[in-house]
Amino acid sequence: MNLAEDVQQDAVDFIIQHDEDFKAALVNDDDFDRNSIDCLDSSFHEDIVDRSYTLEDAAHVVSNCENEETDTGLWDGQQPEDALRAKAAYCYGNDVWHRMDALFADLKEAYEEFQGQLTDRADELRAQDTLTEQEQKELERLENELDEEAAALAFAKFERDNAPPPIIVEQGSPEEGDLLARWLDLNARAGLLWSGYPMGDSYIDARCGVGYGMPEIKDYVDFDHVAAKRMPHWRGKRRDEIQTYASSLQAR
């Protein structure tokens with residue numbers, strides 16, 4: 001269970017889910033600011049800040065966050081338990097915000113690099129005495145869509161760097177056996193309620209908070225989703241079938 005990993009994942013996911021807003025911000029040379037990028041206002045609060053926390057969740061977040069919220073007016077007058085939950089929500093939001101700010105800076109740097117490359121290509125084409133039909137079309141496209149193409153290339157790089165597709169594990173391989181063994185161990189530790197889900201289907205109900213107060217369950221749920229992506233042939237399969245197969249691997 002790692003708060004920093006959750007912060008990173010939420011920051012990346014939010015940017016990807018609102019890619020059009022961030023691409024427009026690159027083209028318009030906007031700052032990372034609520035007044036400049038639409039989704040950083042209500043959408044950010046709804047998706048990242050406004051979450052249900054148990055007291056255990058809240059204590060974990062406040063103790064481990066990197067950007068503690070100090071504006072007590074945000075929870076002034078609330079009961080102590082509710083005040084702690086509110087503080088945790090803003091602390092977590094602060095961590096995600098700061099991480100997104102850094103990621104957007106990386107996006108902008110990549111955008112400017114691609115913009116320079118495309119501009120150089122357009123200048124190269126303009127300098128030629130004659131252009132083929134294909135080169136003429138390329139020049140017209142660069143002149144009309146250079147900034148948008150640079151933003152698209154920067155975003156594609158962002159996704160490759162921060163959200164690469166999972167590496168699929170070969171069925172019958174030693175790596176598959178290791179992943180299944182870990183899944184089975186975490187599954188057993190999670191308890192009867194969560195261990196009954198098929199691979200890839202486990203989740204933490206919002207009424208239980210986000211899971212920091214239940215570390216063994218959160219570790220299982222997080223790994224369950226990773227395992228299902230890396231072993232899609234086991235997605236939807238239940239523990240008994242997986243256990244039988246894993247045992248056969250060990251017997252080889």
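Quick note: the coordinates plus some simple rules give every number you see, no bench work behind them. The model shown is predicted, which means the values in this text are computed figures rather than measured ones. A quick note on method: Cβ atoms are made from the backbone with ideal geometry, for glycine too, and the neighbour counts reach across all protein chains shown.
Show me, for the range 137-142, the HN-Hα J-couplings you get by feeding each phi into the Karplus relation (A = 6.51, B = -1.76, C = 1.60, θ = phi - 60°), rounded to Hz, glycine and proline as x.
Per-residue couplings from phi come out as 5, 5, 5, 4, 5, 5 Hz.
If you rank 248, 43 by fewest surrounding Cβ atoms within 10 Å, what's the result?
Ordered from fewest to most neighbouring Cβ atoms within 10 Å, 248, 43 come out as 248, 43.
Please give the calculated 222 nm ellipticity per residue for the chain, where each DSSP H segment of at least 4 residues contributes -39500 (n - 2.57) and the sum is spread over every residue; nearest 500 deg cm²/dmol?
-21500 deg cm²/dmol
If I build a Gaussian network model for the chain, linking alpha-carbon pairs within less than 10 angstrom, which residue out of 187, 35, 162 has the largest mean-square fluctuation?
Among 187, 35, 162, the largest mean-square fluctuation in the Gaussian network model of the chain belongs to 35.
Going by alpha carbons, how many degrees (0 to 90, nearest 10) lie between the helix axis of 3-17 and the longest principal axis of the chain?
The answer is roughly 40 degrees.
Going by how many other beta carbons lie within 10 Å of each one, how would you line up 167, 242, fewest first?
167, 242
Can you give me the relative contact order of the range 3-162 as a percent, contacts being Cα pairs under 8 Å and 6 or more apart? Provide the component values of the computation, followed by the final result.
Working: 134 pairs, mean separation 43.7, N = 160.
Computed value for the range 3-162: 27 percent relative contact order.
In degrees, nearest 10, range 0 to 90: what is the angle between the Cα axis of helix 55-64 and the longest Cα principal axis of the chain?
50
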